[in-house]
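These notes concern the structure reproduced below.
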Amino acid sequence: ATQSVQAVEHEQTKDLTKVLFTEEEIKTCVNQMGKRISEDYAGKNPLVVGVLTGGYVFMSDLARTITVPHVVDFVKCSSYGSGTESSGKVKFQLETSHSIEGRHVIVVEDIIDTGLTLSNLVAHLSTMGPASIEVASLLDKKARRKVEVKAKYVGLECPDEFVIGYGLDYDGAYRSLPMIGILKPEVYS
Ligand code: 5GP
Ligand code: MG
Ligand code: MG
């Protein structure tokens, strides 16, 4: 198989205290999820909606493993400030550019933490008359759930830690790292 991007070594890898999921493990997981989605949505032309900003890397990889016709779109929500704790409030900063009405919607998120973002987002999109709506999340941090989120497609179990890489940031940084890991405590201080 050809690789679209050459393996590179990121300088900021040195800030990790632990790698939770390697590039290879993530790839395997994403491919499996794409296969399931492709089977489940045969003939349905789903609207695949990525949640910016954290979901963009996962969205890009997942969408390219969905082998049935589909349309790609994005929304932007934010619940986090600049720190590592959720503010609890969800802001909708960007709506989809395609109509939701009558569409089979798949919401693609990086991580379910408290569940506040996705429960608000799914409720919001549901008012727009989709034919169906499901959630695909790469990571699931179950320990911190405050509200229930029914995610049909969940990739990897995430420990109760603040993680970065593969789209996930700390104050805007680390999104481009190919792996997912935990930052060294001294990075925060
Ligand atoms: P929730 O609303 O479920 O609490 O979390 C929603 C958003 O918070 C996620 O989409 C993600 O952007 C951010 N988030 C939650 N946990 C983490 C984490 O461990 N690391 C990073 N970088 N972002 C997180
Ligand atoms: Mg997110
Ligand atoms: Mg963030």
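We did not get these values from a lab; they are worked out from the coordinates using the rules stated. Since this is a predicted model, take the numbers as computed values, not measurements. Cβ: placed from backbone, ideal geometry, glycine included. Neighbour counts: every protein chain shown.
Here is the tail figure for the stretch 28-130: Cα pairs spaced more than 18 Å apart come to 48 percent of all pairs. Restricting the calculation to Cα atoms, the chain shows an Rg/Rh of 0.96 when the hydrodynamic-style radius is the Kirkwood one. A straight Cα-to-Cα reach below 20 Å connects residue 44 with the lysines 35, 152, residues fewer than 8 places away in its own chain not being considered. By the rule of a C-alpha distance below 16 Å, with chain neighbours fewer than 8 residues away ignored, the lysines paired with residue 76 are 89, 91. Helix 23-40 and the longest principal axis of the C-alpha atoms of the chain enclose an angle of approximately 10°. Calculated FRET efficiency, residue 7 to residue 92, Cβ-Cβ distance, R0 = 25 Å: about 0.10 to the nearest 0.05.
Identify the GluC sites (Glu not before Pro) of the stretch 141-189 meeting these criteria: DSSP loop state and at most 11 other C-beta atoms within 10 Å of the C-beta.
Answer by residue number: 148.
Would you list which lysines come within 25 Å of residue 14, measuring only between C-alpha atoms, while excluding same-chain residues fewer than 8 positions from it? Candidates past the 8-residue exclusion: 27, 141, 184.
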